[in-house]
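Following: one structure in structure tokens, then a few remarks.
The values are calculated or read from the model by the stated rules, or taken from the named source; none is laboratory data. A quick note: this is a predicted structure, and the numbers were derived from the prediction, not measured. Every residue, glycine among them, receives a Cβ derived from its backbone with ideal geometry; neighbour counts consider all protein chains shown. These area figures cover heavy atoms from the full protein model, side chains too; ligands, DNA and RNA do not enter into them. Shrake-Rupley method; radii C 1.70, N 1.55, O 1.52, S 1.80 Å.
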Amino acid sequence: MKRLLVTLAAALSLASPALAGPQQGDVIIRHVTVIDVEAAKAVAGQAVVLRGADIVAVGDDAGVAKGWRAERTIEGKERYLIPGLWDMHVHFGGGPELIEENRALFPLYVANGITTIRDCSGDLADQVLAWRSEIANGSLFGPRLLTSGAKIEGIAPVWKGTIEVGSEADVDAALDRLKNRDKVDFVKITDNTLKPELFLYALRQAKALGLRTSGHIPMALTVEQAVDAGISSIEHLDYAYNAGAKDEAAIAADFAAGRIDRAEANRRLSAGFDRATAIAAYRDFAAKGVYVTPTLNGSRILDYLDRDDHSMDAGLAYIGPKLRKTYDWRIERAAKADAAAIAARHAHSDAVSEVLPMLAEAGVPIIAGTDAGFLNSFNYPGFGLHDEIELFTKRGLTPAQALASATRAGPAWFGWLDRYGAVKPGMAANLVLLDKNPLQDIAATRAIHTVVMRGQVHDRAALDKMLADTRAKVAAWKGEAAKP
């Protein structure tokens, strides 16, 4: 009873400051325009109060300022406050010798307003799980880290650090490890050597265990089969594009039987794309709660490696020499393509990007994710999310839709919209204060004045120091690598 009375008194105090005098917060942001991402509107003249890791008050500036006091005041006049950004597709890897260079990437996310990242597996799964715990307990600085742990794959895949499965029993053991030992945030399943029937089995079993799944869909299956089996998010827009082919089932069957190779399957999928078929498939995605993470910019970079010169990219200053070396694999693969293959790659890239607004039209939730990390050439952690959502608007989304993909779609996928994705009381104090309005131009997400993460304020000087410190580390590593 005593605990109930204390809780009730605290609630009344928060709800009615006038009854108890001004309340005490840690930070108050004054005179700010709050961006209501869900309603796609800007609400001017607001004050936002933070206490610890929580937002405790939001409202008319004069009223909130009268009812609250704070140790620190941030001036938000002519500035715009949005929820923290989420990058829902990143990678850490390259082997144990690259651990330090991977660890150095965390500040890049924070400096770019990204307060949560979703690791979609690499070859440092145990290290990433350790980092997740260290970030959570405050011993490592970085955005909130969510991870799939090791991905599920077939026997002897090209990808290192995976859990190899060749039977249903293997799948069951893998899921038991991921759920109960590693306590992963979701499960990643890919298609390099995994048998199609085991791919579907893994999806069904993971769903039965209450685990969300993401992955790459085997060419021998239709996208519809994966959707029906319960996949939670489709990674990369190419797979969603394939669902628009009128004869996708026949192509999948021919590929499964060995009658055609991957190149011919892709040619036929492209030739058979039909808008009406695609919209019908995407409406099915929406009805079944399937999200799509396009990784549009990362794919564009790889598709145009033959044309674009990245030697002077500003982002290279933040990438350690060993990580930079992992880029060579894709660069060399792209260089081996002949003129016809290059032309086909360009045409396919452009065609795939055209389905992005179709997904939105059909009501499919679109998640912003970069695919940044080792192997993925010139796709820079932190910075790449702004490139991704800017490309979304160039391909047909509104700035509001692009902003929602990077602030609300991630927490929605995890079922956490009661805690993330909005600026209102009770939500996490993960915020980005911008100098420009992102509802007018999504490029405004680059104009960062202040980042608040778990209630801690990082002003422009602090963000610049994060970037400078990372550049200095990388410069030192490059100097060491250049020594004989």
Exercise for the section: Please list, or write none, the aspartates and glutamates whose alpha carbon is within less than 19 Å of the alpha carbon of Lys66, excluding same-chain residues fewer than 8 places away. Expected result: Asp26, Glu75
Problem - Thr73-Glu361 pseudo-label distance in nm [points 7 Å out on the Cα-to-Cβ vector] - result: 5.1 nm
Handout entry: Globularity index of segment 185-257, i.e. its alpha-carbon radius of gyration over 2.2 N^0.38 Å
Key = 1.04
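Sorted from largest to smallest, which semi-axis lengths in Å does the alpha carbon gyration tensor of segment 133-216 give for its equivalent ellipsoid, taking the root of 5 times each eigenvalue?
So the three semi-axes of segment 133-216 are 25, 14, 10 Å.
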Problem - Accessible area of segment 347-484 belonging to carbon and sulfur atoms, whole % at 1.4 Å probe - result: 53 percent
Problem - Two-site label geometry, Lys288 and Lys478: point separation in nm, points 7 Å out along Cα→Cβ - result: 4.7 nm
Exercise for the section: Please report how many Lys pairs in segment 85-414 have alpha carbons closer than 16 angstrom, counting only residues at least 8 apart along the chain or sitting on separate chains. Expected result: 12
Practice task
Quick one: check the C-alpha center-to-center distance for segment 61-98 versus segment 316-385, whole angstrom.
Solution key: 28 Å
Exercise for the section: Identify the residues of segment 229-249 with backbone N under 20 Å of a label point that sits 7 angstrom from the Cα of Ala340 along the Cα-to-Cβ direction, or state none. Expected result: none
Handout entry: For the chain, accessible area per residue (1.4 Å probe, heavy atoms of protein chains only), Å²
Key = 42 Å²
Handout entry: Calculated [θ] (222 nm, deg cm²/dmol) that DSSP helices of n ≥ 4 give over the chain, each run adding -39,500 (n - 2.57)
Key = -12500 deg cm²/dmol
Exercise for the section: Using only alpha carbon pairs under 8 Å that are at least six residues apart, calculate the relative contact order of the chain and give it in whole percent. Expected result: 19 percent
Completion exercise
In Å, the Kirkwood hydrodynamic radius from C-alpha pairs for the chain sits at 23.6 Å
Exercise for the section: With θ set to phi - 60°, apply the Karplus curve 6.51 cos²θ - 1.76 cosθ + 1.60 along segment 359-372 and write out the HN-Hα couplings as whole Hz, x wherever there is a Gly or Pro. Expected result: 4, 4, 4, 7, x, 6, x, 9, 9, 7, x, 9, 6, 6
Handout entry: Cα lying deepest toward the dipole's positive end in segment 85-414, options Ser349, Gly320, Ala173, charges on Cβ
Key = Ala173
Practice task
Could you compute the FRET efficiency for Ala169 and Lys246, with r as their C-beta to C-beta distance and R0 at 45 Å, rounded to 0.05?
Solution key: 0.75
Exercise for the section: At a Cα cut-off below 17 Å, give the lysines reachable from Lys424, other chains included and same-chain residues fewer than 8 away excluded. Expected result: Lys41
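Give me the Å³ per residue figure for the convex hull around the C-alpha atoms of segment 326-476.
Per-residue hull volume (Cα only) is 146 Å³.
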Exercise for the section: Only residues of segment 379-411 count here: report those whose backbone N is under 13 Å from the spot 7 Å along Cα→Cβ of Ala443, or say none. Expected result: 387, 390-391, 393-394
Handout entry: Residue-wise HN-Hα coupling along segment 228-237, computed from phi with Karplus coefficients 6.51, -1.76, 1.60 (Hz; x: Gly, Pro)
Key = 5, 7, x, 4, 8, 9, 8, 8, 5, 5
Handout entry: Size of electric dipole in the chain: Cβ of Lys, Arg +1 and of Asp, Glu -1, about Cα centre, debye, nearest 20
Key = 1300 debye
Exercise for the section: Please identify which residues in segment 153-189 have an amide N closer than 19 Å to a label point set 7 Å out from the Cα of Ser133, following the Cα→Cβ vector. Expected result: 176-186
